[in-house]
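No value in this document is a laboratory result; all are computed from the given coordinates. The structure presented is a predicted model; accordingly, all values stated were derived computationally and were not measured. Here the Cβ positions follow ideal geometry from the backbone for every residue, glycine too, while neighbour counts run over all protein chains shown.
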Amino acid sequence: MISRIAILGTGLLGTSVGLALRAAGFKGAIVGWNRSSEQGQVALRMGAIDSLAADPIEAARASQVTLLAVPIYATLDFIEKLANVLGPDQLVTDVGSTKRVIAESAARFYNAPERAAFLPGHPMAGKECGGAALAEANLFRGAVWLFTDDPAAQRSAGGAELVKDWREWATKMGAKTLDLDPVRHDELVAWVSHLPQFTATALSALLEEEVGEAPELKDVGGRALREMTRLGASPYSMWRDIAHTNTEAVERALLALEQRLAYVRENLRTPQLRDEFEQANRFRRGQ
């Protein structure tokens with residue numbers, strides 16, 4: 001049974017996990033760490049964590065489960081640093097938006113009988129802006145929590161039990177769990193998560209360039225504009241690591257969209273435009 005959790009990274013997701021654990025009835029200790037002490041203090045005041053650690057490595061060493069809720073390159077750094085200080089009765093998991101590079105790194109350092117366990121995870125939940133102040137206990141309710149676990153992982157009995165317990169806590173937090181191969185995960189999220197983000201970013205940047213100073217914009221721009229550009233508020237710091245670690249899959253998706261937009265442009269006055277709307281409507285009805 002998990003009695004102590006370290007959350008390294010008390011931004012939107014990390015703080016939401018702390019709040020969701022408490023709402024789900026977790027009675028153990030939750031210690032937090034954040035590179036920005038201000039964000040850590042916000043999480044502490046919100047009740048997402050019980051205490052704020054000065055040293056993330058020591059916080060992980062003293063915990064059964066360590067959740068890495070930091071950008072992907074920081075996650076990779078922690079994966080290597082923690083491997084030498086954690087033991088077979090401890091678990092590390094993460095919330096990273098790409099999984100191939102994380103799963104490959106974890107396979108080198110974890111999931112052997114004498115080493116700590118590692119469970120790659122990705123809750124499909126979030127907001128266009130980050131920060132502890134925006135965290136919610138219900139952020140994961142109704143969301144899918146993806147895991148890209150290695151079925152051949154050789155874990156200690158203690159590590160295997162912690163993996164089972166953490167999966168159960170993800171469900172208690174309101175999420176539905178789903179297992180995917182890490183490469184397949186990155187291919188899918190490139191289409192359903194990363195492509196919408198980069199499309200919204202490009203559209204928002206284009207609109208800023210073309211009509212950003214138009215005084216009528218607030219009056220003319222309605223719901224369609226707000227919905228299509230909402231993700232344009234996402235900061236580069238949240239998406240740089242995703243772009244760098246899932247480049248090929250995102251490139252394929254963006255190229256396909258470029259070609260599709262060209263097709264629409266070429267058929268603005270043909271019956272093919274109607275067919276495009278009908279196919280789009282079928283996709284939406286299936287959601």
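Considering the Cα positions of the chain, please state its Rg to one decimal place and its Dmax as a whole number of Å.
Reported Rg and Dmax, both Å: 21.0, 66.
Can you tell me the 0 to 90 degree angle between the C-alpha axis of helix 72-83 and the longest principal axis of the chain, rounded to 10?
Between helix and principal axis, roughly 10 degrees.
About its Cα centre, how strong a charge dipole does the chain have in debye, to the nearest 20, once Lys and Arg get +1 and Asp and Glu get -1 at the Cβ?
Values: 32 positive and 36 negative charges, 172 e Å.
With only Lys, Arg, Asp and Glu charged at Cβ, the dipole is about 820 debye.
Quote the relative contact order of segment 1-70 in percent (integer), defining contacts as alpha-carbon pairs under 8 Å separated by 6+ residues.
Once divided by the residue count of segment 1-70, the mean separation gives 47 percent.
So for segment 125-225, what percent of the C-alpha to C-alpha distances run longer than 18 Å? Kindly include the intermediate steps, with their values, before the conclusion.
On the way: 3412 of 5050 pairs.
Result: 68 percent of Cα pairs exceed 18 Å.
Would you mind ranking Phe26, Phe277, Phe147 by Cβ crowding within 10 Å, fewest neighbours first? Let's see the in-between values first.
Values: Phe26 18, Phe277 10, Phe147 21.
The fewest-first ordering by Cβ neighbours comes to Phe277, Phe26, Phe147.
Report the semi-axes of the equivalent ellipsoid for segment 184-285 in whole Å, largest first, where each axis is √(5λ) for an eigenvalue λ of the Cα gyration tensor.
Working through the eigenvalues yields semi-axes of 24, 22, 12 Å.
Roughly how far apart, in whole Å, are the Cα centres of segment 99-119 and segment 228-256?
26 Å
Can you tell me the 0 to 90 degree angle between the C-alpha axis of helix 272-285 and the longest principal axis of the chain, rounded to 10?
Compared with the principal axis, the helix lies near 30 degrees.
Give me Phe283, Phe140, Phe198 ranked fewest to most by other Cβ atoms within 10 Å of their Cβ, as a rough exposure proxy. Display every interim value, and only then the final one.
Details: Phe283 8, Phe140 26, Phe198 20.
Listing Phe283, Phe140, Phe198 from fewest to most nearby Cβ atoms yields Phe283, Phe198, Phe140.
Determine by what factor the alpha-carbon radius of gyration of segment 108-159 differs from 2.2 N^0.38 Å, reporting the quotient. Mind dumping the intermediate values first?
Details: Rg = 15.3 Å, N = 52, 2.2 N^0.38 = 9.9 Å.
Against the empirical 2.2 N^0.38 Å value, I get 1.55 for segment 108-159.
Loop only by DSSP, 10 or fewer other Cβ within 10 Å of the Cβ. Give me the trypsin sites (Lys or Arg not before Pro) in segment 241-279 that pass, ordered by residue number.
Sparse-neighbourhood loop trypsin sites (Lys or Arg not before Pro): Arg269.
How many percent of Cα pairs in segment 13-108 exceed 16 Å?
Values: 2535 of 4560 pairs.
I get 56 percent for the Cα pairs in segment 13-108 exceeding 16 Å.
Size of the dipole of segment 16-115 about the Cα centre, Lys and Arg at +1 and Asp and Glu at -1 on the beta carbon, nothing else charged, in debye to 20? Don't skip to the end; give the middle numbers.
Numbers: 10 positive and 10 negative charges, 47 e Å.
About 220 debye.
Given DSSP loops and a limit of at most 14 other Cβ atoms within 10 Å, what is the longest stretch of the chain that contains no such GluC sites (Glu not before Pro)? Walk me through the numbers on the way to the answer.
Details: sites that count: Glu114, Glu213, Glu216.
With a cap of 14 other Cβ atoms within 10 Å, the longest stretch comes to 1-113.
Relative contact order for segment 132-287: what is it in percent, counting Cα pairs under 8 Å that are at least 6 residues apart? Spell out each step's value before the answer.
On the way: 80 pairs, mean separation 33.5, N = 156.
Once normalised by length, the contact order is 21 percent.
Let me know the charge dipole size of segment 198-287 about its Cα centre in debye, to the nearest 20, where only the beta-carbon of Lys, Arg (+1) and Asp, Glu (-1) is charged.
Values: 13 positive and 15 negative charges, 105 e Å.
Computed about the Cα centre, the dipole is about 500 debye.
Within the set of other residues whose C-beta is less than 13 Å from the C-beta of Ile30, count the net charge using Lys and Arg as +1 and Asp and Glu as -1. Please report the intermediate quantities before stating the final value.
Values: positive: Arg4, Arg22, Lys27; negative: Asp50.
Computed value for this residue: +2.
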